[in-house]
Structure formats: C-alpha cells, structure tokens
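Encoded as structure tokens, the structure appears first; notes follow it.
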Amino acid sequence: MQAEKRKIIFLLSFCSLFVLVAWPAAGRVGFFEGNSDMERPGQGSVWTAQVVSLADGDSFQVRRNGKTLRVRLHGIDSPELRQSYGRAALQAARHLLAGREVVLQTVSRDSYGRVVALVWADGRLVNREMVRCGAAWMYPHFCKFPSLCGEWARLQDEARSARLGLWQEPDPAPPWAWRKKHPRERW
C-alpha cells in the first residue's frame, strides 16, 4: 500500500511539475490556430462540457446542456481498475480532469455508446498527458490520426525509458491483453 501511495505521489508530482514548466502559455481558446496538439480531422464537432465523474483512467462523464454523457479518451488505453497500476491511472486522470470544464473534439462513438474524443483541459491535450505521464498506452488499434499517434508512441517510449508511472513495473500488461485474459471479470 505504501509503495502504491509513493507511486501516485510521484506521478502527480511529475505531472504537476511538467504542467508548471511546459505549459505556462497554454490558452483555452484557439485550439486549431497554431496548436500543434491538434490535427483537425474534419468530421468531429468541437464542444465544451463539465467533467462530473471519472470511471477509470480513460473514461469519464461530462454534463452538457443538462445531459450527462459518457466519454472515452481517443487513441489511448489506461490500465483497468483491477489491473496493476489501474487505481494510479485513475488518480492521474482525476488530477487532469476532475471538476474541470473541458473542450472535446468528437472522433466517433464506441460499441458502449460513449463519445470517443480528443479532450483538452486547461489548454492541455489530456490524451497526450496520460501517455506522457506513464498512465496510459497509445492504443495502436484505435488511434486514428498518424501524427498524434506517432507522437504518443514516442512519448510512451520516453515514459518507458524514464520508468514513469506504469513503466515502473517490470513487464506491464497492456489493458487490451489483460482484458483478453479476464473476459468475464467486470473491469
């Protein structure tokens, strides 16, 4: 338990330090104009909503116009809650999203009816930050935008090399492989 608490504290400290150092000029408007975070796919609408709850490291609920919608972060996959590092990934997502107004760009809907989106909070692309902090994998099967996915794969390699987050484990299992081994378990 103590080791997991230390991992969570380290992860949150690292992410906070990164945000303070690397994102001082990040704004909340102008996401398309000159923002290298965003590859404008064209088919997705851009909208804002308030985060009301988090399910795990890559899924949460937002409130918009009096309606609650379920959202899945596009192109990444965080450990499941019952998987090693799953609770720490939830804490990392909570640090980035909890209670914030977010900007979403819809990419698609998944088989569970969730909106799959690129999501910005306080000017930061949350999908990217989860990979950068070692709280998620780039999900090659579902990542649709080559320049973003390539960058996230590079950030994943950097997090692995630095042994950040889930990469502190000797041989972490990707969530899609873990789910395959645990098909009847509720994640």
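Descriptive notes on the structure:
- Test for ARG160: is it out of contact with any strand residue (DSSP E or B) (no Cβ under 6 Å at 6 or more places or on another chain), surrounded by fewer than 20 Cβ atoms within 10 Å (Cβ to Cβ) and either of a type in the set (D, E, K, R) or in contact (Cβ under 8 Å) with a residue 60 or more places away in the chain (or both): yes
- Residue in segment 66-88 that is open to solvent by 40 Å² or more (accessible area, probe 1.4 Å), modelled with pLDDT of 95 or more, of a type in the set (S, T, N, Q) and over 14 Å from the mean Cα position of the chain (by Cα) present: yes
- Test: residue in segment 44-56 that is modelled with pLDDT under 95, under 19 Å from MET130 (Cα atoms) and not hydrophobic (A, V, I, L, M, F, W, C): no
- Whichever residue in segment 82-107 is small (Gly, Ala, Ser) and without any contact (Cβ under 8 Å) to a residue 60 or more places away in the chain and, among such residues, is nearest to ARG179 (Cα to Cα): GLY86
- For segment 108-122, a residue qualifies if it is open to solvent by less than 10 Å² (accessible area, probe 1.4 Å) and of a type in the set (Gly, Ala, Ser), and the qualifying residues are ALA117, ALA121.
- Test: residue in segment 131-154 that is open to solvent by less than 50 Å² (accessible area, probe 1.4 Å), over 14 Å from the mean Cα position of the chain (by Cα), among the aromatic types (Phe, Trp, Tyr) and under 20 Å from ALA55 (Cα atoms): no
- Considering segment 45-56, the residues that are small (Gly, Ala, Ser) and open to solvent by 40 Å² or more (accessible area, probe 1.4 Å) include one that is nearest to TYR85 (Cα to Cα), namely ALA55.
- Filter pass, ASP171 being under 21 Å from ARG82 (Cβ atoms) and either open to solvent by 40 Å² or more (accessible area, probe 1.4 Å) or not in a helix (DSSP H, G or I) (or both): yes
- Check on SER59, open to solvent by 20 Å² or more (accessible area, probe 1.4 Å) and at pLDDT 95 or above: no
- Residue list for segment 146-168, filter: in a helix (DSSP H, G or I), among the aliphatic types (A, V, I, L, M) and more than 17 Å from GLU80 (Cα to Cα): LEU148, ALA153, LEU155, ALA159, ALA162
- LEU96 passes every criterion in (1) surrounded by fewer than 20 Cβ atoms within 10 Å (Cβ to Cβ); (2) modelled with pLDDT of 95 or more; (3) of a type outside the set (Phe, Trp, Tyr); (4) within 23 Å of CYS143 (Cα to Cα) apart from (1).
The values are calculated or read from the model by the stated rules, or taken from the named source; none is laboratory data. This is a predicted model, so every value here is computed, not measured. Using ideal geometry, Cβ is built from the backbone for each residue, glycine included, and neighbour counts are taken over all protein chains shown. When the accessible area is computed, the model is the full protein with side chains, heavy atoms only, and any ligands, DNA or RNA have been set aside. Shrake-Rupley method; radii C 1.70, N 1.55, O 1.52, S 1.80 Å.
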